[in-house]
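One structure below.
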Amino acid sequence: MIFHPSTRPNRRVSVFGQLIAVCLIIVGCKFWLIASDSSPLPFLDQWKGEGAEVLRPWINGTLRITDLFAPFNEHRMVPTRLLALGLFEANAHQWDGQVEMVAGVMLHATCAFILGLILLQRLGDGNRLPIFAILLVLFSLPFGWQNTLGAFQSQFYFLILFTLATLCGLGWNAAGTWRWWGGVAAGLLACVTFGSGGFAGLALAGWLGPKLLADPAAWRQRANWITPGIALTLGLLGFALYTPTQNEAIIALHSRSPEHFLYGLGIRLAWPNRVSPFLALPAFAPFAVLLWVRLREIRRDGLAKLGHQLDDLLFPLGFWVILQTAALAWARNGPAASVVSRYMDVLALGCLVNFCCLLQLAALAAGTSALRWQRRAVIMCAIVWSGLTLAGLIQLIDRNIRVDLPGLRQVQRAQILAIRQFLITDQIADLGGKRTFGLSPADLELLANLLRDPVIQEILPTGIGVRRVPVPTGPLSAASRALADVWALVLATGGLVWILATASGFSGRRRSLASREGRMYSPSRGGKADDSSGESTGIRSCEAR
């Protein structure tokens with residue numbers, strides 16, 4: 001079942017159309033970013049991670065299956081490498097970063113679509129406008145520009161996608177069903193997608209275990225522990241596949257002390273605010289309060305009487321964000337404990353989880369059993385949380401537009417000029433050093449050797465003057481640039497689909513009201529109300545009330 005049971009059949013097409021419109025707007029915003037701020041050249045670690053370790057061995061015929069599973073720093077990025085190989089072959093052996101960027105946009109939009117379907121199904125179409133608003137904010141704004149414009153960063157989108165599949169497949173289905181096995185497969189893929197891919201299993205076990213322990217009748221049944229046990233096994237597999245990096249530059253980013261770690265943890269949990277780590281407390285307050293409420297309900301009523309299936313996604317996803325944040329605070333916690341753009345798409349899911357927790361707390365406060373102080377507390381919590389989140393996002397996007405993206409454009413122009421000059425002079429000094437490519441001296445030497453290799457020279461992207469022998473643009477390169485250039489058309493299409501879907505919803509509502517009035521006032525009864533239809537229409541007579 002795709003939609004919430006309360007969603008009327010005549011509204012389902014409208015709601016689904018609005019979700020499609022939201023995804024089109026997300027895609028259009030990302031296409032705008034690609035059209036205005038991207039370069040087809042490889043980005044940062046992509047020179048080594050794709051060019052040296054995958055594409056060159058593939059062309060030379062020396063690539064082995066085990067090479068796809070080889071660690072890159074702490075990560076095993078099998079889906080990202082397979083995607084790069086597939087696009088490379090389909091693009092007439094041209095290594096074009098913009099092709100991978102467009103594929104990454106589709107992956108991220110797919111994540112937004114899946115989350116939208118899940119939230120509409122569990123929260124009902126009455127919450128559709130808040131759901132669509134938070135999806136637009138967290139998936140279309142350019143705070144994660146490094147993932148959008150860095151073709152090598154598709155592993156973050158794969159990580160989110162496989163994590164959602166793992167949590168829903170294992171957490172929502174009985175052990176042994178095909179959907180449950182699909183969740184197991186997604187968990188295995190997550191482990192070979194990113195260094196912290198096993199956290200999906202750990203987060204799910206961290207929710208299902210305490211939930212079972214809170215119900216004495218449930219934890220005694222051995223069958224209930226199959227899913228938590230498999231989830232924990234996936235988490236342990238992720239740890240077994242983890243390989244510590246030997247890169248000195250990355251080792252220098254590790255936390256230096258417990259205080260440094262806690263500061264980095266707090267400043268990331270407080271996202272999008274970067275003012276103080278103590279803002280992590282209000283940022284995750286809705287999650288903590290709803291968790292406490294649900295555990296109390298389980299303790300009081302048992303699992304059998306509870307039907308909050310969305311909890312089996314929200315709480316594991318919240319734990320997953322916390323685990324990912326802790327990993328960042330330990331392994332990527334530079335001297336300033338700054339939050340890098342490429343990790344913000346993961347941190348944004350924490351914001352989404354807390355927003356959904358606020359919606360559920362508001363529904364509880366609106367109930368007849370809620371006390372007045374509880375309603376006021378939820379309203380104040382919503383105001384404070386929304387104000388802090390909006391303030392942080394405004395500051396973040398302002399920095400992206402004024403500082404980050406203009407600086408990126410300058411770096412891209414400098415990289416193209418540096419490669420052109422190097423191909424003429426063959427002098428490493430002409431590559432500009434770390435300031436131009438963001439690479440260590442050892443990686444810069446590797447880049448120079450790659451550019452000297454005729455195999456790499458023959459696969460560089462066309463149209464920017466970095467190839468010795470010009471060739472026709474690859475089919476996917478032409479298609480990707482054409483798609484990015486029509487970003488305004490994609491946005492307009494999303495807006496038009498939204499208008500049509502909304503109009504369809506209003507039309508269906510009018511037909512439903514007309515049909516209801518026709519049943520209430522039948523001509524055969526002289527225009528008098530038909531009291532016998534009160535049960536089907538939801539209207540009761542005064543005596544019944």
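Values in this text are rule-based calculations from the coordinates and carry no lab data. If you're wondering where the values come from, they're calculated on a predicted model, not measured in any experiment. Glycine gets a Cβ as well: all are built from the backbone with ideal geometry, and neighbour counts include every protein chain shown.
Semi-axes of the equivalent ellipsoid of region 344-499 are 50, 22, 14 Å, computed as sqrt(5λ) over the eigenvalues of the C-alpha gyration tensor in descending order. Within the shell defined by Cβ-Cβ distances under 12 Å, the residues around K30 carry a net charge of -2, with Lys and Arg each +1 and Asp and Glu each -1. For the chain, the relative contact order works out to 23 percent when only alpha carbon pairs closer than 8 Å and six or more residues apart are counted. Neighbours of P142, meaning other residues whose beta-carbon lies under 14 angstrom from its beta-carbon, give a summed charge of +1 when Lys and Arg score +1 and Asp and Glu score -1.
For the peptides 396-404, 343-351, the ranking by mean Cβ contacts within 10 Å, running from highest to lowest, is 343-351, 396-404.
With distances taken between every two different alpha-carbon atoms, the chain has a Kirkwood hydrodynamic radius of 25.8 Å. Helix 311-331 and the long axis of the chain differ in direction by around 30°, with both axes built from C-alpha atoms. For the peptides 326-332, 352-358, the ranking by mean Cβ contacts within 10 Å, running from highest to lowest, is 352-358, 326-332.
For the peptides 267-277, 195-205, the ranking by mean Cβ contacts within 10 Å, running from highest to lowest, is 195-205, 267-277. The residues neighbouring Q360, those whose beta-carbon lies less than 11 Å from its own, together hold a net charge of +1 under the Lys/Arg +1, Asp/Glu -1 convention. Between 0 and 90 degrees, rounded to the nearest ten: what's the tilt of helix 78-90 against the longest Cα principal axis of the chain? It is inclined by approximately 70 degrees. Could you state the angle between the C-alpha long axis of helix 199-213 and the longest principal axis of the C-alpha atoms of the chain, as a value from 0 to 90 degrees rounded to the nearest 10? It works out to around 30 degrees.
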